[in-house]
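The values are calculated or read from the model by the stated rules, or taken from the named source; none is laboratory data. Just so it is clear, the model here is predicted, and its values are computed rather than measured. Reconstructed Cβ throughout: ideal geometry from the backbone, glycine too, with neighbour counts over all protein chains shown.
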Amino acid sequence: MYIYENHLGGLYATEDLLDYENLHCETCGDSDTLLGKANTREEFLSMIDIEGWNEKYLKEFLDENFS
C-alpha cells in the first residue's frame with residue numbers, strides 16, 4: 001500500500017502508485033507527497049516521523065488501512 005500526505009493535510013493510502021497528474025492540484029499548484037510503501041502497521045510507523053501527527057488521527061488511519 002502506498003502512503004501519501006495530502007498537500008492540504010492528512011494522509012491517505014492506495015494500492016496504486018499515483019503519477020504526477022493524480023498528485024498535482026490544479027487549483028493551488030501544490031502536490032501531494034508520496035511517503036513510501038507499507039504493508040503493515042509496523043512498516044508504516046517506521047516509515048514516518050510520528051512527531052507532529054495527532055495520536056488519535058494516526059490510530060484512526062492505522063485502523064482504517066491496516067486492520
Pairs needed: first member in the range 23-51, more than 13 Å from residue 12 (Cβ to Cβ); second member anywhere, aromatic (Phe, Trp, Tyr); C-beta distance under 7 Å; at least 6 residues apart or different chains.
37/2; 40/66; 41/66
I'm checking my understanding of the structure. Among residues of the range 16-60 that are of a type in the set (D, E, K, R) and assigned to a loop (DSSP other than H, G, I, E, B), which one is farthest from residue 5 (Cα to Cα)?
26
Condition broken by residue 63, with the remaining ones in (1) assigned to a helix (DSSP H, G or I); (2) at pLDDT below 95 satisfied:
(2)
Looking at the range 28-56, which of its residues are farther than 20 Å from residue 16 by Cα and touching a His at 6+ places or on another chain (Cβ under 8 Å)?
28, 30
